[in-house]
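Some notes on the structure that comes next.
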Amino acid sequence: MSRRSNHSTDSKRYFDWLYHAYQDLLAARVLIEDDRLYNPTVFHCQQAIEKSLKAFLLFKHHKLFDGHNLTWLCKQAAMTDQSFTKWIGKSTLLNRFYIETRYPADIPDEITRDLAEDILAATEDMMEFICDCIKFDYNSYHKRSKK
């Protein structure tokens, strides 16, 4: 069951989604510098791609897509733009970092510096691709303030 059925508080502005995705990317870039924080590093990468894919889908379909499964979201994007098929493998890799990096497991995943760097690089590449599709520039974006 989804957390809510009507997305009443989620922004319908795809640029807002990309803005928040970039914040996750920036957090991952900071966190990777501490070898105790590789789990949160890759979690923020997963979040960055989830929000970026949702932004693309919102841009193309004018509706929000629910869920956290990056492979499913990437396949939805590929149905709109076939060039997303090249990202399905990376989305599958990133997908496993949504739950496993935030909660204790009986057999924990060992996230090494090399793996975290690979995940971060894949996230940067995929986000650049999505931002190019939408023509989004984080540095030029001005977040709308509440009135």
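The values are calculated or read from the model by the stated rules, or taken from the named source; none is laboratory data. Note that the structure is predicted; figures quoted are calculated from it, not measured. Cβ sites come from the backbone with ideal geometry, for glycine too, and all protein chains shown count toward neighbours.
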Do the conditions hold for residue 143, that is, is it basic (Lys, Arg) and modelled with pLDDT of 85 or more? no
Which pairs have Cβ atoms under 7 Å, sit 6 or more apart or on different chains, and link a residue in the range 63-79 that is within 20 Å of residue 93 (Cβ to Cβ) and touching a residue at least 12 places away in the same chain (Cβ under 8 Å) to one that is surrounded by fewer than 16 Cβ atoms within 10 Å (Cβ to Cβ) and polar (S, T, N, Q)? 71/92
Which listed residue is among the charged types (D, E, K, R), exposed (fewer than 15 other Cβ atoms within 10 Å of the Cβ) and under 15 Å from residue 130 (Cβ atoms), from 24, 81, 66: 81
May I ask you to say which residue of 92, 123, 101 is assigned to a helix (DSSP H, G or I), at pLDDT below 95 and of a type in the set (Val, Ile, Thr)? 92
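Select, from 18, 37, the only residue that is surrounded by 13 or more Cβ atoms within 10 Å (Cβ to Cβ) and free of Cβ contacts under 8 Å to residues at least 40 places away in the same chain.
Answer to the check: 37.
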Kindly establish whether residue 57 is surrounded by fewer than 20 Cβ atoms within 10 Å (Cβ to Cβ), of a type in the set (A, V, I, L, M, F, W, C), in a helix (DSSP H, G or I) and within 14 Å of the chain's Cα centre (by Cα). no
